[in-house]
Amino acid sequence: MAQSHISFEVSFVEPQAHYAEVSMLLKGNNQPQIDVKMPVWAPGSYLVREFAKNVEGFKAVDEKGQALAFQKVNKNTWRIQNPKKSDIRISYRVYAFEISVRTSFVDASHAFLSPTGIFMYPVGQLAKSSTVTIKPFASWSKVSTGLSPVKAGAFTYTAPNFDILFDSPIEVGNQDVFEFTAAGVRHEVAMYGGGNYNAEKLKVDMAKMVEQATAVFGENPNKYYVFIVHNYASGGGGLEHLNSTVLGHPRGQYASENGYKSFLSLVAHEYFHLWNVKRLRPVALGPFNYDAENYTSNLWIAEGFTAYYDNLFVRRAGFYSPDQYLGMLASGLSTVANQPGSLEQSAHEASFDAWIKQYRPNENSRNSSISYYDKGSIIAMLMDLEILQATSGQKKLDDVMNTMYYQYYYKLARGYTDAEFKDMAGKIAGKSMETFYNDYVYGTKKPDYNAFLKAVGYQLVDDNASKNEPYLGISASTRIGKFLITSVARNSPAWRDGLNVNDELLSINDEKVSGTMAELDKAIAAKALGDKLKIGIIRDGLPMTIDLSLDRNPAVRYRFVSVDKPSKEQLLLRAKWLAL
């Protein structure tokens, strides 16, 4: 097949109505028929999002402007007939009105283009280069992107292949742009949405996050890097790219200590991804199939290890005290322990099933699944402690990540398998990781945290261990004037005795139930373990009574405490772990 020269132009005729206008030119095509596709997902966000659903007004013409016949042959493929083997110009509109770091959004103030939901590609030509010209709306003046600019054109960029194009988000508007240099790399920060941030302070502190991440690997693979930051009233998130990232953060939280450190943690998380997953990657994550799910069982490494390192970098840079860091770590351990699904789904399974579970939760998800972010972060901590103990502090998790990076990204130029990562961890630790993997990666064994923490002179204490508080095991909220059950915890009294999600709660022992969780919790707290209750409900329009016996609330609340008189060896390993 002859390879076309491919160029795009994106303009904004009606940004207030949330549309981007896309023109795609295929020059040099000599085929009588050509298929073009819109990707169905965005790498880094493991859900088929069906971006083609936002496409309108698809048209194709030849080099003389004559309409070419086309047919949509499946959900994301358009087949164009080109009997004269002419150049083809394709045009279409994309409706963009979903605020997130992984989806495009256009309004009167700016445009954020998430490329897999904007640009189509000719089938069989993913390796082909392309140029992209952005035509900002009349009142806009700036474009921020990691794409390489073309010197001859205003707001014109080039991508050597579609993998790079799809990995390069574009911000268009009047964003506040400032720069800093760290690890020898020039960094651009493009702030949209205002906020109470101090740009001069961010330049210094974001640079510290860059330096901490770079120190793990000893080199920074970029010459230029772009942070696109969307400041919202609430919400947030991040998505990694090869030489850029998109971050979301509440615009009013930069001035608070917790809000500011949370932003630095987000910066650290997404920046660490430029090694962990964008270069050091599971073998299944590249080259990508943009037409369907790309399954891997290693997201607990790609995301979970990154979630472990984000706050750790903030600690290493001195923003968190050791006690503050350990407090957050204990909170994360408690979160996983208090989710029944942590004993049902392994980190390995959670990674593989991300496409159908992680981003499509239902009322039973807490009982049947666990986040590979949360569980992977715990596995990273355990592995870090295991390596520190096994090597008497000579090695730690950093050494696994560094060695894997140079072995698989640089030397072998490919992704790693489950077995290869396990073997490298064992090599660095100087011991087999087989049992560790069987227990915590492939299995759902509850960790004996104190066995791991002994090496660094800490113990994990459950402040709830001595409490005997009764509980039902439900969550509920008021909707359309009804106090409805929204979740039922596995093995709780409600689970065992038959309360259901969507039951309307009316009474407990014939006393009317107030329509708030706080009042319900207060009513249950006044009871005793073993008390038998009659719960009045309405289910599917029918009044019912459920007989129920109260059990002890199994929720934990962990905190770290130092052992009495830690040894010299324990203090040495503690210092290496917590960067003391």
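Every read-out reported here was derived from the displayed coordinates using simple, explicitly stated rules and does not represent laboratory data. A quick note: this is a predicted structure, and the numbers were derived from the prediction, not measured. As a convention, Cβ positions derive from the backbone with ideal geometry for all residues, glycine included, and neighbour counts pool all protein chains shown.
Points worth noting:
- Residues PHE483, PHE313, arranged from fewest to most other Cβ atoms within 10 angstrom of their Cβ, appear as PHE483, PHE313.
- Per-residue Cβ neighbour counts within 10 Å put LYS446, LYS203 in the sequence LYS446, LYS203, beginning with the fewest.
- Quarter the surface of the alpha carbon convex hull of region 327-455 and you get the mean projected area, 8.5 square nanometres.
- Shown here: region 5-171, whose C-alpha atoms stretch 42, 38, 29 Å along the first, second and third principal axes, sorted largest to smallest.
- Nonlocal amide H pairs with TYR232, under 5 Å, H built at 1.01 Å: HIS249, ARG251
- Other residues with beta-carbon under 12 Å from the beta-carbon of GLU9 carry, at +1 per Lys or Arg and -1 per Asp or Glu, a net charge of +1.
- Sorting ARG93, ARG479 from the fewest to the most surrounding beta carbons within 10 angstrom yields ARG479, ARG93.
- Scanning residues 5 or more positions from TYR471 or on other chains, those with amide H under 5 Å from its amide H are ASP551, ASN553, with H placed 1.01 Å from N in the peptide plane.
- Our coupling estimate for region 336-343, obtained by passing each phi through the Karplus curve with A = 6.51, B = -1.76, C = 1.60 and θ = phi - 60°, is 5, 4, 8, 9, x, x, 5, 9 Hz, Gly and Pro reported as x.
- With Cα atoms, 0 to 90° folded angle of helix 306-316 axis to the chain main axis: 80 degrees
- Cα-based convex hull, region 91-136, per residue volume (Å³, whole number): 103 Å³
- Rounded to the nearest 500, the helix-only mean residue ellipticity at 222 nm of the chain stands at -7500 deg cm²/dmol, with each DSSP H run of n ≥ 4 adding -39,500 (n - 2.57).
- Alpha-carbon centroid distance for the pair region 1-75 / region 201-250, whole angstrom: 31 Å
- For region 161-167, putting each phi into the Karplus relation 6.51 cos²θ - 1.76 cosθ + 1.60 with θ = phi - 60° gives couplings of 6, 6, 4, 5, 4, 5, 9 Hz, in residue order, rounded to whole numbers and with x for Gly and Pro.
- For region 196-249, the share of DSSP beta bridges that are antiparallel, to the nearest 5, is 40%.
- Couplings 3J(HN,Hα) of region 542-550, computed from phi: 10, x, 9, 10, 10, 7, 8, 10, 7 Hz, in residue order, whole Hz [Karplus 6.51 cos²θ - 1.76 cosθ + 1.60, θ = phi - 60°; x for Gly and Pro].
- With K and R counted +1 and D and E -1, the other residues having a Cβ less than 12 Å from that of MET209 yield a net charge of +1.
- Label assignment, Cα extents along the principal axes in Å derived from the structure, set (i) 78, 54, 50; (ii) 83, 67, 45; (iii) 82, 58, 43: (ii)
- Under 5 Å from the amide H of HIS110 lies no amide H of any residue 5 or more positions distant or on a separate chain, with H modelled from the backbone and absent for Pro and chain starts.
- Pairwise FRET efficiency - LEU47 versus LEU412, Cβ, R0 = 35 Å, nearest 0.05: 0.75
- Neighbourhood charge, 11 Å Cβ-Cβ cut-off, centred on VAL267 and excluding it, Lys, Arg +1 and Asp, Glu -1: -1
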